[in-house]
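The values are calculated or read from the model by the stated rules, or taken from the named source; none is laboratory data. The structure displayed is predicted, hence computed values, not measured ones. Reconstructed Cβ throughout: ideal geometry from the backbone, glycine too, with neighbour counts over all protein chains shown.
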Amino acid sequence: MTDWVSQLADDVIAEAERRAPGKTIVCASGLSPSGPIHLGNLREVMTPHLVADEIRRRGLDCVHLLSWDDYDRFRKVPVGIPEEWAEHIGKPLTSVPAPPGSAYPNWAEHFKTPMISALARLGVTYRGVSQTKQYTSGVYREQILHAMRERDRIDAVLSRFRTKAKPKAKDADEAAALEGSGAAEEEAGYYPYKPYCALCGRDLTTVTGYDDETTELAYTCACGYGETVRLATHDRGKLVWKVDWPMRWAYEGVVFEPSGVDHTSPGSSFEVGGHLVGEVFGGQQPIGPRYAFVGISGMAKMSSSKGGVPTAADALEIMEAPLLRWMYARRKPAQSFKVAFDQEIQRLYDEWDALERKVADGTALPADLTVHARSVRTAEGPLESTRRRVPYRMLASIADVTTGDEEQTLRILRELDPADPVTDLESVRPRLDRAQRWVSTQVPAEQRTSVLAEPDADLLAGLGDEQRESLRLLLERLDEHWSLEGLTALVYGVPKLQAGLSADAKATPELKAAQREFFVLLYTLLVGRDTGPRLPTLLLAVGADRVRKLLGA
Ligand SMILES: [Zn+2]
């Protein structure tokens, strides 16, 4: 089936065959653990994951390399982190202390670890590569020495893309980490390698001289320190980013790597890298699409302490892994989409359940079948799923009304469909847990439902004859209609009875108005406001005895 994943897999296989026939195909992603790894960054991983997974499904050898760019500099102190962290600006992310209260040994680990566990739950298999480990163990030694020998050529390539504007002073360190210090016109010359200072650990260093024969490299640091090292044995520094990326494309033989839309601009690292990889490193630029932005809808205030950017782990707390995979699989990389943290998640789940039903009864379109298959399993096997798929919105309503009480939850679930009752909570997990979590963390307090403890005596006393009659008709028939289906028929049916219509009468505007009025009466008596969860669910959740009491029986 040709969805975008299949088409890209075709391209990648053909390209790999042209470049290095018979070798393991390499797809790559890069993540910087400089902060929470949000759902937009997840696309950086999901795009090559889906393609690599498709290639593996076809029985070919393919590795998904995930580069942790944890040897990059710590750029700025995020909101909510003590000012003292400013002294670490310019150090590798693995040398910066983790945020206060963290259980992890350093900044990079603190943000990497939740992503690693989220990727495991999403069924993403990959080979993780820590750039700190690579650089500090000398893996790239030859590549670094080569880049230094080729520094004039690199500088010439970079200068073709350089804009005239000098970076502002505060951005100068950033710019140097990107391209290297010492542009051609400066006396010291251009060097694509930046040492981390032996004294202060930061990259506020300037290379002042280099000898290709001895590999002796002299640098000074903004802290006042300076030394001469032998680059052939020196493992505390890195190639500047615009050189580092193409070096790794060549080193790893990457055939496929997507990039964010920010890489489309002229002179971007991706574009410049495309020239450097061939002209300097004798490799080829990977093929790969630009992927568009992933937005969020909703996301309650509780997460703003983390900078307001939800991560994959946050999403997996409120939705199952196949649903999250589905969102990334069904849209082409160039299409942006939103991950719902608000009420929209209920509609999304309805859509997903409708797809699952079509797949189950064989009526799904081929394209939908393909995307569904990518969502529920990988080449390695199926993902965790919920056995008994009670609608998410139903579970959310139950969680809302019961505030998660297990006994009540099970009672309601059992009564939903007496012909085929839910007999244990395990069968509705993990979906139940996700819905409970969504209600407790994302539904604002003013939208939560709280069932009245006592009947509203004043309201009951002031009811008109027709209203009393409607409640009597409902209560009389309550027991025989006690199921989701039965109660649905009953709440719509009472106004029909009152109007002298048959149960299957077509809705007229008058009837609709009467039904709306009846619903408002029930909501007001049960939860003290004029709206709430769908009435049949609410009635089941409240329980027959309490319904009788609150409706004045
Ligand atoms: Zn220093």
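Per-residue answers, yes or no, for (1) touching a residue at least 24 places away in the same chain (Cβ under 8 Å); (2) farther than 21 Å from Glu380 by Cα; (3) of a type in the set (S, T, N, Q):
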| position | (1), (2), (3) |
| --- | --- |
| Ser34 | yes, yes, yes |
| Arg43 | yes, no, no |
| Pro82 | no, yes, no |
| Trp85 | no, yes, no |
| Lys91 | yes, yes, no |
| Ala98 | no, yes, no |
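Would a scan of the stretch 165-174 turn up a residue that is within 16 Å of the ligand (Cβ to nearest atom) and at pLDDT 95 or above? There is no residue in the stretch 165-174 that is within 16 Å of the ligand (Cβ to nearest atom) and at pLDDT 95 or above. Beta carbons closer than 9 Å, at least 6 apart along the sequence or on distinct chains, pair a first residue in the stretch 254-274 that is without any contact (Cβ under 8 Å) to a residue 40 or more places away in the chain with a second that is assigned to a loop (DSSP other than H, G, I, E, B) and aliphatic (A, V, I, L, M) for Val261/Ala292; Val261/Ala334.
What is the residue count in the stretch 204-215 for residues that are within 8 Å of the ligand (Cβ to nearest atom) and either in a loop (DSSP other than H, G, I, E, B) or surrounded by fewer than 21 Cβ atoms within 10 Å (Cβ to Cβ) (or both)? Talk me through it step by step, then tell me what you get.
Narrowing the stretch 204-215 to residues within 8 Å of the ligand (Cβ to nearest atom): 204-205.
Then keep just the ones that are either in a loop (DSSP other than H, G, I, E, B) or surrounded by fewer than 21 Cβ atoms within 10 Å (Cβ to Cβ) (or both); that gives 204.
Number satisfying all stated conditions: 1.
Here is the figure for the stretch 271-293: residues that are surrounded by fewer than 22 Cβ atoms within 10 Å (Cβ to Cβ), in contact with a strand residue (DSSP E or B) (Cβ under 7 Å, 6 or more places away or on another chain) and within 17 Å of Val26 (Cβ to Cβ) total 1.
Per-residue answers, yes or no, for (1) closer than 17 Å to Gly123 by Cβ; (2) not hydroxyl-bearing (Ser, Thr, Tyr):
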| position | (1), (2) |
| --- | --- |
| Ala16 | no, yes |
| Pro21 | no, yes |
| Thr24 | no, no |
| Cys27 | yes, yes |
| Leu31 | no, yes |
| Pro36 | no, yes |
| Glu54 | yes, yes |
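For the stretch 127-150, the set of residues classified as in contact (Cβ under 8 Å) with a residue 12 or more places away in the chain and in a loop (DSSP other than H, G, I, E, B) consists of Ser137, Gly138, Tyr140, Glu150, listed by residue number. Exactly one residue among Leu471, Leu475 is surrounded by fewer than 17 Cβ atoms within 10 Å (Cβ to Cβ), under 49 Å from the mean Cα position of the chain (by Cα), within 15 Å of Leu551 (Cα to Cα) and at pLDDT 95 or above, and that residue is Leu475. Can we say Val51 is in a helix (DSSP H, G or I), in contact with a helix residue (DSSP H, G or I) (Cβ under 6 Å, 6 or more places away or on another chain) and under 18 Å from Trp249 (Cα atoms)? So Val51 passes the test.
Please determine whether any residue of the stretch 300-311 is within 16 Å of the ligand (Cβ to nearest atom) and either farther than 15 Å from Leu178 by Cα or in a helix (DSSP H, G or I) (or both). For the stretch 300-311, residues within 16 Å of the ligand (Cβ to nearest atom) and either farther than 15 Å from Leu178 by Cα or in a helix (DSSP H, G or I) (or both): absent.
Scanning the stretch 175-199 for residues that are at pLDDT 85 or above, part of a loop (DSSP other than H, G, I, E, B) and either within 16 Å of the ligand (Cβ to nearest atom) or within 16 Å of Lys91 (Cα to Cα) (or both) gives Tyr196, Cys197, Ala198, Leu199. Only one entry in Asp61, Asp152 is out of contact with any Cys (no Cβ under 9 Å at 6 or more places or on another chain) and over 30 Å from Asp211 (Cα atoms), namely Asp61. Answer yes or no: is there a residue in the stretch 527-545 that is at pLDDT below 95, acidic (Asp, Glu), assigned to a helix (DSSP H, G or I) and on the phi < 0 side of the Ramachandran plot. Within the stretch 527-545, one or more residues are at pLDDT below 95, acidic (Asp, Glu), assigned to a helix (DSSP H, G or I) and on the phi < 0 side of the Ramachandran plot.
Considering each of Val77, Val51 in turn, give the residue that is surrounded by fewer than 18 Cβ atoms within 10 Å (Cβ to Cβ) and either of a type in the set (A, V, I, L, M) or within 28 Å of His234 (Cβ to Cβ) (or both).
Values: Val51 fails: surrounded by fewer than 18 Cβ atoms within 10 Å (Cβ to Cβ).
One residue alone meets the criteria, Val77.
Can you tell me which residue in the stretch 229-243 is farthest from the ligand (Cβ to nearest atom), limited to those that are crowded, with 16+ Cβ neighbours inside 10 Å and free of Cβ contacts under 8 Å to residues at least 40 places away in the same chain? The extreme case among them is His234.
Entry remark, the stretch 354-400: residues being polar (S, T, N, Q), more than 22 Å from the chain's Cα centre (by Cα) and more than 20 Å from Pro418 (Cα to Cα) number 1 in total.
Matching residues to (1) outside any helix (DSSP H, G or I); (2) closer than 29 Å to Val390 by Cβ; (3) among the polar types (S, T, N, Q):
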position	(1), (2), (3)
Glu446	no, yes, no
Val451	yes, yes, no
Pro455	yes, no, no
Leu459	no, no, no
Leu463	yes, no, no
Ala489	no, yes, no
Val494	no, yes, no
Leu497	no, no, no
Leu511	no, no, no
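Considering only residues of the stretch 87-126 that are aromatic (Phe, Trp, Tyr) and in a helix (DSSP H, G or I), which is nearest to Pro195 (Cα to Cα)? Going through the qualifying residues, I end up with Trp107.
Yes/no per residue for (1) away from the ligand (no atom under 16 Å from the Cβ); (2) assigned to a loop (DSSP other than H, G, I, E, B):
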residue	(1), (2)
Arg202	no, yes
Leu217	no, no
Thr220	no, no
Glu227	no, no
His263	yes, no
Val272	yes, no
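Scanning the stretch 54-74 for residues that are part of a loop (DSSP other than H, G, I, E, B) and surrounded by 18 or more Cβ atoms within 10 Å (Cβ to Cβ) yields Asp69, Asp70, Tyr71, Asp72, Phe74.
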